[in-house]
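Working notes for the structure below.
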Amino acid sequence: MGGQTINSSITGPFPNARAGSLTSAGVFGVTLATLMYEVLLTRVFSVTLYYHFAFLAISIAMFGITIGGIVVYLHPAYCLSNDTLRLMGRSSLLFSIWMISGILLHLFVPFYAEWSVRGVASMAVTFASLSAAFVYSGICVCLALTKFPRQVSSLYAADLAGAASGCLVLISVFKFAGGPGAVFVPALVAAVSSIAFLFRGRDGRLFRIALLVCATLAALVAANAFATAKGNPLVDLIWVKGNIEGAHVYEKWNSFSRICVLGDPEVPTSPVGEGTSPTYPANAVVYALPLTIDADAETPLTAFAGDFSTVDYLKYDVKEIVHYIRPGSRVLIIGAGGGRDILAALAFDQPSVRAVEMNQDIIATLNGRFGEFTGHLDRNSRVTFVNDEGRSYLSRLHQKFDIIQASFIDTWAATAAGAFALTENGLYTIEAWELFFSRLTPRGVISFSRWFVPGHPQETYRLTALAAAALQQMGVRDPRGHIILVRNAWRRDRTRFQGGAATILVSLQAFTGADVDTIEALARRMQFGIVLTPREAADPVFADLASGRDSGDVIARARWNLSPPTDDRPFFFQMGKISDLFRMTPLARSTNEVTDAAHLLGTMLLVITGLTALCIVLPLAVAGTGNSYSSVWPSAFYFAAIGMGFMLIEVSQMQRLMIFLGHPTYALSVVLFTLLLSSGLGSYTTQGGGNSGLRREGVIRLGALLGTLCAFGILTRPLLANFDGSTTPVRILAGVGILFPLGFLMGMAFPLGMTAANAQNSRLTPWLWGINGGTSVCASVLAVVISVYAGISTAFWAGTGCYAVALISFMILGDPAKGMPRRISPEPGSAESSA
């Protein structure tokens, strides 16, 4: 290329280097530990930082791994050494040590989400300390994939299989290791991997150090498991969202939440909340304990001994107004929480209450650990608890209810998808509300409650637009007569309005005059505000949105994104428009929001794109290429394209399956495990083969991938729709079945490209590996930008387009007229060494 002569064989310094079974096992362990640590950080960040930052754990991980590849490319100690296994062992050991060091430093250093000297300093310390571990992981894996060219297919398969296992293993680890203390487990796995690399090495001293570290970590794992079972983990949180966390009486971690019970059961507290009427006595007290979820969302555990007069304040709550117009109802509550809505339904003497709660630990806390305090609601003959996600449960249930209620249900859960699964919620889409309507009796009512902040009514605006759009989908011509919206603006200090709650009531049958009379009388008595009824509207925007006729113009003119969410764009809480991505003044969702998600997303996209570009260009400027630049860019485009393509498809399918499977953990486990494991198997099929025909084979495989992606994009949604009413195991199997062929074919792209790149200029392979990682970081943010503003399907098709670019690049890279290498295959009769 460009006048340069390309060798027809491996041109690296160690073309015949071989990796044995222990090396493959070590790579498996390192990537298993890497993904475990990465997912652990998303969980810890969800608690210690504001939810916007939780997805940064993935960017930190992938960026650190990219830096590791660049270090291998630039540092002579790595690119020229003939003792690769010792270097891998040392890197794996340092990875283990830095995992613990980084997370301890994060726990001890407060994080301030602000643009100030201390804010920038705290961010820098946090991200630098945590990324260090991933740099060493990146060095280790990069050495494995670039210094053993004959076995890149099998080593890449071990890499992906380890990562696939990591996402499943950590789910189990949370059960006995708690939160931050779980770091001892991936650290132990990485240390054991270093022993695998060093077992037949020449550095006895380093091997003995690795043994000592393993023994120490094994003891720490056991000690922490014992201490966690006793309620006193060895490692616990100190700073939570910029403040030192107070003492708690109970704590429980799982793979998607950390619940914590605070307070003193013997100390009375005020029952007044965001929905409580100003007419309720200000000096009233109750006994309750706040249960927090990820140190942000809160639900009370209320003391109850069977006397409903002690919880009479629930009848003064705007969130419970539906019970006034629908007495004698069968009630389904989505999000049982601490049992407040259950108690309210019982206080209104409703005959049947079914409470659906996704978080099994919340149910166990309410009815188990604090069952005596809360009155064992699970033993009440009128109450049934269900551990499931609300929408998923209703899709399989064919019973009808008079009331379907959801009060302040939202999902800030960050997943290892790589970015911002935090704003997506399958309960707030047109398709979800169509399902809810289908599960109502003729007199049935949907009751949803959200925040109402004077001057910032965008949540209730969008909720109204969603209700109207769903009603129109159900054949209602004039939605206005089917919607009632009531608010409560409460005063924190009895002199100044601070915001409050609003409840929307929606019915397939138009509300009767008696229904409206009841609500109006209740509002006068309780001093609630009537926002919208079939008779009146406090705001013309609500009237236009509820009518459904002129809502398109209202939505287009609005400062916020008020369009009704769909399953393809299920981001109800992301109300910024695309212009807000790069707005200097963040658009807050409420007056209490510290930073805006859209603004942060835009900032991160710019920063990560800039850093990725720097990681691509700077190494070439420093070290050169060894060839003309024109010979380099086809390979660069290829690895960039497959890095972006894989992540765009992974994130989009995680977002789609989170709605289909109804649980963030299921989506995380199914998508990551299936794609990574099947990709590993696909990679393994590319090893061996003949000594020629790599270009033809690569084009066929990549062409098959493109064809499969196109078929997947067209057929997936109707296929999944056939399983909406199936049990969870069946839906999981359906998800695995549709994802497996994709992963299998996508896994072939990397080893095919690496084999070709090794033959052309093996010195560049660490840099190309770094490009693959760096563009994956970019794609993790870009995928969410596309999904939020254009839809999940668009993100998927963008990933498909990236693989089309990869195919074209491979054809250029592999042009026989430009020196396409022959396929490298093992020598006849050769066998792997034992190390």
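The values are calculated or read from the model by the stated rules, or taken from the named source; none is laboratory data. For clarity, every value in this text was computed on a predicted model and none was experimentally measured. When we count neighbours, we look across all protein chains shown, and the Cβ atoms used for this are built from the backbone with ideal geometry, even at glycine. What goes into the accessible areas is simple: the full protein's heavy atoms, side chains included, and nothing from ligands, DNA or RNA. Shrake-Rupley method; radii C 1.70, N 1.55, O 1.52, S 1.80 Å.
Here are a few things to note about the model shown:
- Nearest 10 degrees, 0 to 90: helix 765-790 Cα axis against the chain principal axis: 20 degrees
- What the Cβ-Cβ distance of Ala521 and Ala711 gives, at R0 = 41 Å and to the nearest 0.05, is a FRET efficiency of 0.10.
- Axis angle, to the nearest 10 degrees, between helix 117-147 and the longest C-alpha principal axis of the chain: 40 degrees.
- Positive-end ranking of Leu220, Thr34, Gly178 along the dipole of the chain, with charges on Cβ about the Cα centre, is headed by Thr34.
- Rounded to the nearest 20 debye, the dipole size of the chain about its Cα centre is 1620 debye, using +1 on the Cβ of Lys and Arg and -1 on the Cβ of Asp and Glu.
- Of all accessible heavy-atom area on the chain, the percent that carbon and sulfur account for (1.4 Å): 60 percent
- If R0 is 25 Å, the Cβ-Cβ spacing of Thr441 and Gln360 corresponds to a FRET efficiency of close to 0.30.
- Annotation for Thr603 and Asp236: the two label points, set 7 Å from Cα along the Cα-Cβ direction, are 3.2 nm apart.
- The stretch between Leu733 and Arg379, if pulled fully straight at 0.36 nm per residue, gains 124.0 nm over its current Cα-Cα span.
- Accessible area of the chain divided out per residue, in Å², using a probe of 1.4 angstrom: 35 Å²
- Figure legend: label point modelled 7 angstrom from the Cα of Ala514 along Cα→Cβ; residues of region 438-458 with amide N under 18 Å from it are 441-445.
- Of interest is the spacing of the C-alpha centroids, which for region 766-814 and region 648-677 amounts to 18 Å.
- Note that region 206-216 has calculated 3J(HN,Hα) couplings of 5, 5, 5, 4, 4, 4, 5, 5, 4, 4, 5 Hz, one per residue in order, obtained from phi through the Karplus relation 6.51 cos²θ - 1.76 cosθ + 1.60 (θ = phi - 60°); glycine and proline are x.
- Using a Förster distance of 35 Å, the FRET efficiency for Asp724-Ala128 (Cβ separation, nearest 0.05): 0.15
- Near Asp567, the amide H atoms lying under 5 Å from its own belong to Ile430, Glu431; only residues 5 or more places off or on other chains count, and H is placed 1.01 Å from N.
- Between 0 and 90°, nearest 10: helix 792-813 axis offset from the chain longest Cα axis: 10 degrees
- Dividing the mean sequence gap of close Cα pairs (under 8 Å, 6+ apart) by how many residues region 167-312 holds gives a relative contact order of 19 percent.
- Inter-probe distance in nm under a simple model that places probes 7 Å from Cα toward Cβ, at Met474 and Val267: 4.5 nm
- Fully extended contour minus Cα-Cα distance, from Leu681 to Thr216, at 0.36 nm per residue: 163.9 nm
- Whichever aspartates and glutamates have a C-alpha closer than 15 Å to that of Lys400, once near sequence neighbours (fewer than 8 apart) are set aside: Glu434
- Estimated from helical segments only, the mean residue ellipticity of the chain at 222 nm is -18000 deg cm²/dmol, where each DSSP H run of four or more residues counts as -39500 (n - 2.57).
- Annotation: the antiparallel percentage among DSSP beta bridges lying fully within the chain is about 70.
- Extreme residue, positive dipole direction of the chain, given options Val135, Ser652, Ser153 (C-beta unit charges): Ser153
- Taking all Cα pairs closer than 8 Å and separated by 6 or more residues, the relative contact order of the chain comes to 17 percent.
- For Arg396, solvent-accessible area (1.4 Å; no DNA, RNA or ligand), Å²: 60 Å²
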